[in-house]
Ligand code: AMP
Ligand code: MG
């Protein structure tokens, strides 16, 4: 097994790197690559052996289905039953950070869909991902490129840090624009339109375009058969994470001084740079949820590599993108199953 230093350098976002990544994928390999949400670990979705490599590298349970990425709406029709609702969404949210669950066609291996009759599909916006989809000619199954349950990666180095030799080939496309996983909705008639995972596309924006209501019931508890893999505990750092409501004063630091305190926006001095010293962090300069979303996983990883015994993190109000940020933070902080 190669040592960490002997792993190949990152593939670059140039003609050589894109061609290499596409060849590897066509040959049944796995490649980590950037999307506008987080880095994905991609394989040819119609090649069961290749898909098996994703599950093995991530340590992901087979009951957790994968999202299949496509290059065009026409391609969706090759693997799933199109829905009139989907056609309304295209152009507004596609390409982009929205995943739709549709009835699958027979060519999609049961391994991808955890044996279900539905498949999750996304048309991503990231130019690198789109180019690899185009060049490889594959439908790409691509969950986040991190060990199952750990914090998602938002840059190439995060993938190397946590997957190491399990994923030698990483295409470096810089930082992810959103830094949070896609919004997922269920679009099959029987279930109505249901939000399975909050993300960069809000239910309000979806409702405006669809003209029908989007049910936002907490699926992890109420409809697990609709959303397998949507676990209470996920995206979790090793360091204990303790959440507080927006605006709530942080706890005084533990006498050992090894507890980090994180604000949503850069705190003013009244929040005590003297008290917290170098254990004081923030997700954004001015409270921008976009900036906070982009930074949240990177900061969790960074603090996990620090010498902290606990991290005290401020939640958002939960409005707009704040719902997705809070969802990830709550799962990251959850203990047990
Ligand atoms: P990720 O781990 O970010 O790739 O997201 C994959 C998640 O999408 C899974 O954990 C499921 O919760 C959800 N998902 C994928 N396929 C389906 C499906 N056919 N039906 C419902 N949810 C799905
Ligand atoms: Mg994931």
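Taking the C-alpha atoms only, the angle from helix 289-304 to the longest principal axis of the chain is near 70 degrees. A P(r) calculated from all alpha carbon pairs of the range 1-98, with 5 Å bins opening at zero, reads 2, 10, 17, 21, 21, 15, 9, 3, 2, 1, 0 percent.
Over the range 1-134, what is the percentage of antiparallel beta bridges among all DSSP beta bridges, to the nearest 5?
Of those bridges, close to 70 percent are antiparallel.
Counting only DSSP beta bridges with both residues in the chain, what percent are antiparallel, rounded to the nearest 5? If I count the DSSP bridges inside the chain, around 40 percent turn out antiparallel. The long axis of helix 127-136 is offset from the longest Cα principal axis of the chain by roughly 30 degrees.
Computed from Cα positions, the angle between helix 15-26 and the longest principal axis of the chain comes to roughly 70 degrees. If you run the Gaussian network model on the chain, springs between alpha carbon atoms under 10 Å, then out of 73, 196, 171 the most flexible one is 73. Rg/Rh for the chain (Cα atoms only, Rh after Kirkwood) is 0.97.
Using only alpha carbon pairs under 8 Å that are at least six residues apart, calculate the relative contact order of the chain and give it in whole percent.
Rounded, it is 19 percent for the chain.
Mean sequence separation of contacting Cα pairs (under 8 Å, at least six apart), scaled by the length of the range 1-152, corresponds to a relative contact order of 33 percent. Estimated from helical segments only, the mean residue ellipticity of the chain at 222 nm is -8500 deg cm²/dmol, where each DSSP H run of four or more residues counts as -39500 (n - 2.57).
Read-outs throughout are calculated quantities, based only on the coordinates presented, and are distinct from any laboratory measurement. These numbers were taken from a predicted model, which means no experiment stands behind them.
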